[in-house]
Amino acid sequence: MVQITLPDGSLREFSGPVTVAEVAASIGAGLAKAALAGKVDAKVVDTSFTIEANAQLAIITAKDPQGLEVIRHSAAHLLAYAVKDLFPLAQVTIGPVIENGFYYDFSYSRPFTPEDLSAIEKRMTELANKDEAITRRVLPRDEAVAYFKGLGEHYKAEIIGSIPSNEDVSLYREGAFEDLCRGPHVPSTGKLKHFKLMKLAGAYWRGDSKNEMLQRIYGTAWTSKEELQHYLTQLEEAEKRDHRKLGRELDLFHIDEHAPGLVFWHPKGWTVWQGVEQYMRRVYQDNGYQEVKGPQIIDKSLWEKTGHWDKYRENMFTTESEKREYALKPMNCPGHILIFKQGIKSYRDLPLRYGEFGQCHRNEPTGGLHGIMRVRGFTQDDGHIFCTEAQILPECVNYTSLLQAVYKDFGFTDIIYKVATRPAQRIGSDESWDKAEHALMESLRASGCEYVVSPGDGAFYGPKIEYTLKDAIGRQWQCGTMQVDFSMPERLDAEYVGEDGARHRPVMLHRAIVGSLERFIGILIEQHAGALPVWLAPTQVVMLNITDAQSDYCREIAQKLQKTASNQGLRVELDLRNEKITYKIREHSLQKPPYILVAGDKEKAAGTVAVRARGNKDLGVMSLDSFIELILSDISSKV
């Protein structure tokens with residue numbers, strides 16, 4: 001007798017061993033048809049898996065997150081099946097599931113073309129429509145090696161050869177194609193209906209540049225036609241919003257081959273940068289932070305004391321002078337401790353909040369660089385709070401509230417909260433980690449924020465809250481962070497005099513709201529599709545004349561706007577070129593300024609301006625005072 005416990009707590013009894021598919025059928029024909037896999041005692045398995053003893057079972061369908069992963073895993077195999085069917089001499093290597101899809105790497109005598117990609121996708125559809133059963137078998141390792149060598153699949157043979165000789169390996173077959181895989185897979189190819197091949201790329205075998213360059217085919221797969229179309233539409237929208245493309249078109253910045261991973265800010269881009277930095281500077285000044293500035297280069301002995309040299313050495317740029325080795329700082333925290341240690345600190349001084357727009361450098365691999373989103377040189381709105389254990393909770397609660405207000409001003413209201421807990425490789429005692437993790441979770445509860453726990457994803461010196469933004473098209477960006485650190489003050493011997501007159505270690509809270517300013521500005525560009533809100537726009541107003549007869553009047557208007565709103569930082573561009581007004585409006589509209597003002601003879605005579613808002617909106621003719629009131633309202637409300 002085998003007893004199966006279902007998720008709702010109900011029991012089903014079977015006279016002997018039973019497969020997942022048979023359990024699903026016993027529940028109902030609809031579930032049997034929808035079943036993609038099963039979760040037996042927390043392990044995801046094929047529907048053909050036989051349960052031989054009492055167990056807990058959940059039937060996985062397309063509605064479950066694991067169901068989507070099984071679909072994508074199976075779609076990768078369907079891709080390999082189609083490639084082998086069309087190009088028999090191609091060799092298959094590996095094909096994992098990735099975010100939003102899958103890929104498979106192939107070795108072939110010539111490069112695949114876009115036309116090949118279309119043919120492969122068409123063949124995948126044909127194979128899926130055949131609804132061929134996907135079956136599993138197990139072979140001893142050496143037998144599996146010989147089998148794939150016999151097929152001419154030398155990469156598969158090499159992969160299997162790296163498995164211990166006493167282990168068996170599982171193979172999955174669909175039609176004429178059989179592949180090495182741990183599984184699980186959908187029951188048949190007919191379950192794979194909504195997929196698309198996306199692009200071709202190169203990839204070295206086993207990620208080693210000394211090995212052969214393989215051809216990687218990327219694809220995506222979803223549980224419904226609507227989800228697939230939504231994803232493809234989102235990709236189209238993301239491409240339109242790509243900050244690298246908009247950075248060039250709007251003349252904001254560029255990255256040069258002479259300085260890979262480092263940003264050259266153009267005047268307009270630097271104006272946006274200053275808007276973000278000065279806004280954040282005011283936020284910190286208004287919330288009890290003292291701004292500090294640390295050096296760029298610090299002796300490696302400090303990084304050894306903090307543990308960064310052992311844990312982070314490969315990501316640090318180093319240099320040498322007079323037989324001393326230095327590192328270009330990858331973060332600001334050790335420097336802030338050295339500032340804290342200058343002079344005696346009392347419990348009355350705590351919490352002590354330091355803030356720095358600190359420039360950091362990290363030796364990111366070339367392949368990981370991405371516009372201004374991932375760079376080697378960046379500036380953080382970095383802050384560190386030195387406090388007592390009793391002050392951790394209120395400081396974290398206040399910080400979350402501050403962060404929410406800042407994100408709202410930048411146009412983000414949807415925030416995801418995650419608590420990343422202790423990793424396997426860490427410093428500090430379990431007791432200190434317990435305290436730190438508890439304080440972070442309790443602070444989010446006190447702030448009324450729902451959160452998820454991310455086990456093992458904390459920094460090596462302490463757990464953290466990660467604040468992730470959702471942008472206008474649903475993408476997620478992890479920006480803010482709050483980390484509790486008992487260890488670094490201990491390692492660098494930071495202390496304060498307590499109320500009892502004795503020496504105590506402060507707790508160090510590492511926190512950033514926007515994080516890397518470069519990355520955050522890239523996110524802002526994509527969030528707003530380059531049409532930045534009035535208060536951040538590098539050019540807020542463009543003043544245009546229709547003929548030369550209005551040139552002096554337009555100069556006067558521009559000067560009044562700049563002077564009238566000087567405390568607001570109003571930025572005006574004056575275009576008096578002898579060009580058709582329609583041409584000038586069209587040209588400037590591409591630069592996405594919030595407002596374009598036009599003056600002809602009528603406006604000059606009446607002392608007014610014709611106002612066009614971004615998005616080709618005609619706001620009509622108004623007085624200069626009315627327009628100033630309008631734009632200052634926009635700026636103050638951060639719209």
Open item on the list: Quick check on the stretch 386-421: of everything there that is over 25 Å from Trp433 (Cα atoms) and of a type in the set (Asp, Glu), which residue is nearest to the chain's Cα centre (by Cα)?
Closed with: Asp414
Open item on the list: Take the residues in the stretch 179-198 that are out of contact with any Leu (no Cβ under 8 Å at 6 or more places or on another chain) and either at positive phi or hydroxyl-bearing (Ser, Thr, Tyr) (or both); name whichever of them is surrounded by the most Cβ atoms within 10 Å (Cβ to Cβ).
Closed with: Gly183
- [ ] Considering every residue within the stretch 473-484, establish whether at least one is assigned to a helix (DSSP H, G or I) and surrounded by fewer than 20 Cβ atoms within 10 Å (Cβ to Cβ).
- [x] no
Open item on the list: I need a count of the residues in the stretch 84-128 that are surrounded by 18 or more Cβ atoms within 10 Å (Cβ to Cβ) and among the polar types (S, T, N, Q).
Closed with: 2
Task: Residues of the stretch 389-448 classified as assigned to a helix (DSSP H, G or I) and not basic (Lys, Arg), total - done: 35
Task: Single residue of the stretch 491-525 satisfying the filter (free of Cβ contacts under 8 Å to residues at least 40 places away in the same chain and not in a strand (DSSP E or B)) that is surrounded by the fewest Cβ atoms within 10 Å (Cβ to Cβ) - done: Gly501
- [ ] Return yes or no: is Ala176 at pLDDT 90 or above and either surrounded by 20 or more Cβ atoms within 10 Å (Cβ to Cβ) or under 14 Å from Ala75 (Cβ atoms) (or both)?
- [x] no
Open item on the list: Being in contact with a Phe, Trp or Tyr (Cβ under 8 Å, 6 or more places away or on another chain), part of a helix (DSSP H, G or I) and closer than 17 Å to Thr481 by Cβ is the requirement here; does His384 meet it?
Closed with: no
- [ ] Scan the stretch 163-182 and give yes if some residue there is more than 30 Å from Ile60 (Cβ to Cβ) and either charged (D, E, K, R) or touching a Ser or Thr at 6+ places or on another chain (Cβ under 9 Å) (or both), otherwise no.
- [x] no
Task: Filtered residue count, the stretch 197-230, keeping only those that are within 21 Å of His370 (Cα to Cα) and aromatic (Phe, Trp, Tyr) - done: 2
- [ ] Mind listing whichever residues of the stretch 308-325 are assigned to a helix (DSSP H, G or I) and without any contact (Cβ under 8 Å) to a residue 60 or more places away in the chain?
- [x] His308, Trp309, Asp310, Tyr312, Arg313, Glu314, Asn315
Open item on the list: I need the full set of residues from the stretch 248-265 which are more than 16 Å from Phe520 (Cα to Cα) and buried (at least 16 other Cβ atoms within 10 Å of the Cβ), in order please.
Closed with: Leu250, Ile255
Open item on the list: Taking the condition of being at pLDDT below 95, in a helix (DSSP H, G or I), of a type in the set (Asp, Glu) and more than 24 Å from Ile120 (Cα to Cα), how many residues in the stretch 205-264 meet it?
Closed with: 2
Open item on the list: Can you report the number of residues in the stretch 536-557 which are in a loop (DSSP other than H, G, I, E, B), within 13 Å of Pro593 (Cβ to Cβ) and not small (Gly, Ala, Ser)?
Closed with: 4
- [ ] May I ask you to list the residues in the stretch 221-247 that are hydrophobic (A, V, I, L, M, F, W, C) and surrounded by 18 or more Cβ atoms within 10 Å (Cβ to Cβ)?
- [x] Ala221, Trp222, Leu246
Open item on the list: Can you tell me which condition Lys560 does not meet? The list is (1) among the basic types (Lys, Arg); (2) free of Cβ contacts under 8 Å to residues at least 12 places away in the same chain; (3) assigned to a helix (DSSP H, G or I), and all the others hold.
Closed with: (2)
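Here's the yes/no breakdown for (1) of a type in the set (Phe, Trp, Tyr); (2) closer than 29 Å to Glu226 by Cα; (3) touching a residue at least 12 places away in the same chain (Cβ under 8 Å):
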position	(1), (2), (3)
Phe148	yes, no, yes
Glu153	no, no, yes
Gly161	no, no, yes
Asn166	no, no, yes
Ser170	no, no, yes
Pro187	no, yes, yes
Lys191	no, yes, yes
- [ ] Would you check which residues across the stretch 449-472 are at negative phi and in a loop (DSSP other than H, G, I, E, B) and list them?
- [x] Cys449, Glu450, Pro455, Asp457, Gly458, Phe460, Tyr461, Pro463, Asp471, Ala472
Open item on the list: Consider the stretch 50-83. How many of its residues are closer than 28 Å to Gln215 by Cα, over 24 Å from the mean Cα position of the chain (by Cα) and surrounded by fewer than 21 Cβ atoms within 10 Å (Cβ to Cβ)?
Closed with: 0
Open item on the list: If I ask for residues that are aliphatic (A, V, I, L, M) and outside any loop (DSSP other than H, G, I, E, B), which ones from the stretch 167-183 would you list?
Closed with: Val169, Leu171, Leu180
- [ ] Could you tell me whether Val186 is under 16 Å from Glu132 (Cβ atoms) and either part of a loop (DSSP other than H, G, I, E, B) or β-branched (Val, Ile, Thr) (or both)?
- [x] yes
Task: Of the criteria (1) over 25 Å from Trp265 (Cβ atoms); (2) polar (S, T, N, Q); (3) crowded, with 20+ Cβ neighbours inside 10 Å, which one Gln391 fails - done: (3)
Task: Odd one out for Arg137 among (1) in contact (Cβ under 8 Å) with a residue 60 or more places away in the chain; (2) assigned to a strand (DSSP E or B) - done: (1)
Open item on the list: Condition first: free of Cβ contacts under 8 Å to residues at least 60 places away in the same chain and buried (at least 21 other Cβ atoms within 10 Å of the Cβ). Can you find one or more residues in the stretch 405-420 that meet it?
Closed with: yes
Open item on the list: Pairs needed: first member in the stretch 247-271, among the aromatic types (Phe, Trp, Tyr); second member anywhere, part of a helix (DSSP H, G or I); C-beta distance under 7 Å; at least 6 residues apart or different chains.
Closed with: Phe253/Gly247; Phe253/Gly269; Trp265/Trp273
Task: Residue selected from the stretch 141-156 under the condition among the charged types (D, E, K, R) and in a helix (DSSP H, G or I), by the criterion nearest to the chain's Cα centre (by Cα) - done: Lys156
Task: Residue check, Gly202 under 35 Å from the mean Cα position of the chain (by Cα), among the small types (Gly, Ala, Ser) and crowded, with 19+ Cβ neighbours inside 10 Å - done: no
Task: Residues of the stretch 71-90 classified as in contact with a Lys or Arg (Cβ under 8 Å, 6 or more places away or on another chain) and among the basic types (Lys, Arg), total - done: 0
Open item on the list: Just to be sure I understand the filter: pairs with C-beta atoms under 6 Å, separated by 6 or more residues or on different chains, first member in the stretch 628-639 and touching a residue at least 12 places away in the same chain (Cβ under 8 Å) and assigned to a helix (DSSP H, G or I), second member surrounded by 18 or more Cβ atoms within 10 Å (Cβ to Cβ) and among the aliphatic types (A, V, I, L, M). Which pairs pass?
Closed with: Asp634/Val534; Ile635/Val534
TODO: Kindly indicate which of Tyr103, Tyr81 is of a type in the set (Ser, Thr, Tyr), farther than 18 Å from Val186 by Cβ and touching a Phe, Trp or Tyr at 6+ places or on another chain (Cβ under 8 Å).
DONE: Tyr103
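The values are calculated or read from the model by the stated rules, or taken from the named source; none is laboratory data. Computed from a predicted model, the values in this text were never measured in an experiment. Reconstructed Cβ throughout: ideal geometry from the backbone, glycine too, with neighbour counts over all protein chains shown.
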